[in-house]
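In what follows, a structure is listed as structure tokens, so that the remarks can point back to it.
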Amino acid sequence: MRIIRSLSAMAAWSRTLRRQGVTIGLVPTMGALHAGHRALIRRARLSCDAVVVSLFVNPRQFGPREDLARYPRRGSADSRLCRREGIDVLFLPSRARMYPSGFGTSVTVEALSRRWEGKVRPGHFEGVATVVAKLMGVVQPDLAFFGQKDFQQALLVRRLAEDLSLGARIVLCPTVREADGLALSSRNVLLTKAQRRAAPVLFQALQAGRAVVRAGIRSGAAVRRAMARTVTSSAAVRGVRVDYLAVCDPDTLEPLRRIAGRVVLLGAVRIGRVRLIDNLLVRSPRR
Ligand code: AMP
């Protein structure tokens, strides 16, 4: 495994391999790698000849009052995991290399970046779109792998890749969960023991919503109520604040009043100072 820090060396490596007909898969991460990231890496290894994992805690996607300083950093464990998984390049650009002085571009994916996570975290998706466009420009992957855990992000990146003809196909990989349903996240280590016990309530709310959709109920409001009720009736409720629970069109993320076919249930909660997000894709039964 090579560790590459310079953007020009990364681009040169990719150019050489692509000329030889080697297909390149990119797995963008912010590090503190866990089994969710590992699943993305394994999927990339199955689909591509060479795999690049980028590790960059992107300051532009954190708001001024968010947890950039507290975001977990596990450099050497991350690099061990990558080596064990047999990746080809660990791309570790510094902030100064990604955003040198004079950097003046911000990428906005209209519409998709204004709802849900974008509303609660203004500027977040501009930061994501800008860094992903830059990483794709440097690495020039054939395929790039994203987790369903961050569903809105994955949709937005797909739009970005298509709109700006970035040339990479975006592959969406299923959410990896703990045994109790909590979606793996680098932020989970920031939960206290009591908060960790409360955390599965988000997945439980989504499951309750899924059961209502599967029962053939067509009202978006009824599904939302079932999700909200799960949180308020849980023993964990006092420590949990809901940012949103929503029933949406899985392509546009517009909230749905009437359900027909595929929907995505989106949720975000705060437990203490930690924000958790999750989602489920569900299909309502045919009449
Ligand atoms: P992050 O390091 O949190 O920015 O995540 C890097 C990539 O890993 C993103 O595409 C995430 O959606 C994906 N990811 C994070 N957690 C999970 C998970 N539990 N299951 C699957 N993919 C995940």
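For the stretch 100-108, state whether one or more residues are touching a residue at least 60 places away in the same chain (Cβ under 8 Å), on the phi < 0 side of the Ramachandran plot and surrounded by 15 or more Cβ atoms within 10 Å (Cβ to Cβ). Spell out the reasoning first.
Just the residues of the stretch 100-108 that are touching a residue at least 60 places away in the same chain (Cβ under 8 Å), to begin with: none.
No, the stretch 100-108 contains no residue that is touching a residue at least 60 places away in the same chain (Cβ under 8 Å), on the phi < 0 side of the Ramachandran plot and surrounded by 15 or more Cβ atoms within 10 Å (Cβ to Cβ).
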Residue list for the stretch 226-252, filter: under 20 Å from R273 (Cβ atoms), in a helix (DSSP H, G or I) and among the hydrophobic types (A, V, I, L, M, F, W, C): V231, V237
Condition met for A96 (within 16 Å of I4 (Cβ to Cβ) and in a helix (DSSP H, G or I)): yes
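Which of the residues that make up the stretch 60-86 are acidic (D, E), at pLDDT 95 or above and within 13 Å of the ligand (Cβ to nearest atom)? Don't jump to the end; show me each part of the working.
Going residue by residue through the stretch 60-86, those that are acidic (D, E) are 66-67, 78, 85.
The next check asks that each one be at pLDDT 95 or above; those that pass are 78, 85.
Within the stretch 60-86, D78 is the sole residue that qualifies.
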Residue match in the stretch 143-157 (condition: over 17 Å from L281 (Cβ atoms) and surrounded by fewer than 21 Cβ atoms within 10 Å (Cβ to Cβ)): yes
Hits in the stretch 12-59 (condition: closer than 18 Å to V128 by Cβ, in a helix (DSSP H, G or I) and more than 10 Å from the ligand (Cβ to nearest atom)): P59
Cβ-Cβ under 6 Å pairs, at least 6 apart or on other chains, the stretch 27-50 side at positive phi and of a type in the set (A, V, I, L, M, F, W, C), far side near the ligand (Cβ under 6 Å from one of its atoms) and assigned to a helix (DSSP H, G or I): A32/S186
The one condition in (1) surrounded by fewer than 19 Cβ atoms within 10 Å (Cβ to Cβ); (2) more than 9 Å from the ligand (Cβ to nearest atom); (3) of a type outside the set (S, T, Y) that V176 fails to fulfil: (2)
Pairs with Cβ under 7 Å, 6+ apart, first in the stretch 144-166 and free of Cβ contacts under 8 Å to residues at least 24 places away in the same chain, second not in a strand (DSSP E or B): A154/Q148
Hey, S8 in contact (Cβ under 8 Å) with a residue 60 or more places away in the chain and either assigned to a strand (DSSP E or B) or away from the ligand (no atom under 16 Å from the Cβ) (or both) or not: no
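Take the conditions of a type in the set (F, W, Y) and surrounded by fewer than 19 Cβ atoms within 10 Å (Cβ to Cβ) and apply them to F125. Does it pass? Can you show your working first?
Details: of a type in the set (F, W, Y): yes; surrounded by fewer than 19 Cβ atoms within 10 Å (Cβ to Cβ): no.
Criteria not met by F125.
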Test: residue in the stretch 190-199 that is of a type in the set (S, T, Y) and surrounded by fewer than 20 Cβ atoms within 10 Å (Cβ to Cβ): yes
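Considering each of V240, V247, V269, V263 in turn, give the residue that is over 21 Å from Q153 (Cα atoms) and either crowded, with 21+ Cβ neighbours inside 10 Å or over 18 Å from the mean Cα position of the chain (by Cα) (or both). Full working, then the answer.
Details: V247 fails: over 21 Å from Q153 (Cα atoms); V269 fails: over 21 Å from Q153 (Cα atoms); V263 fails: over 21 Å from Q153 (Cα atoms).
That would be V240, the only listed residue that is over 21 Å from Q153 (Cα atoms) and either crowded, with 21+ Cβ neighbours inside 10 Å or over 18 Å from the mean Cα position of the chain (by Cα) (or both).
Looking at the stretch 108-199, what helices (runs of 4 or more DSSP H) fall wholly within it and have at least 2 residues that are touching a Gly at 6+ places or on another chain (Cβ under 7 Å) and not charged (D, E, K, R)?
Values: elements: 117-120, 124-139, 151-163, 193-198.
Filter on the stretch 108-199 gives 124-139, 193-198.
For L182, indicate whether it is under 27 Å from F145 (Cα atoms) and within 13 Å of the ligand (Cβ to nearest atom).
Details: under 27 Å from F145 (Cα atoms): yes; within 13 Å of the ligand (Cβ to nearest atom): yes.
The answer is yes for L182.
The values are calculated or read from the model by the stated rules, or taken from the named source; none is laboratory data. Note that the structure is predicted; figures quoted are calculated from it, not measured. Using ideal geometry, Cβ is built from the backbone for each residue, glycine included, and neighbour counts are taken over all protein chains shown.
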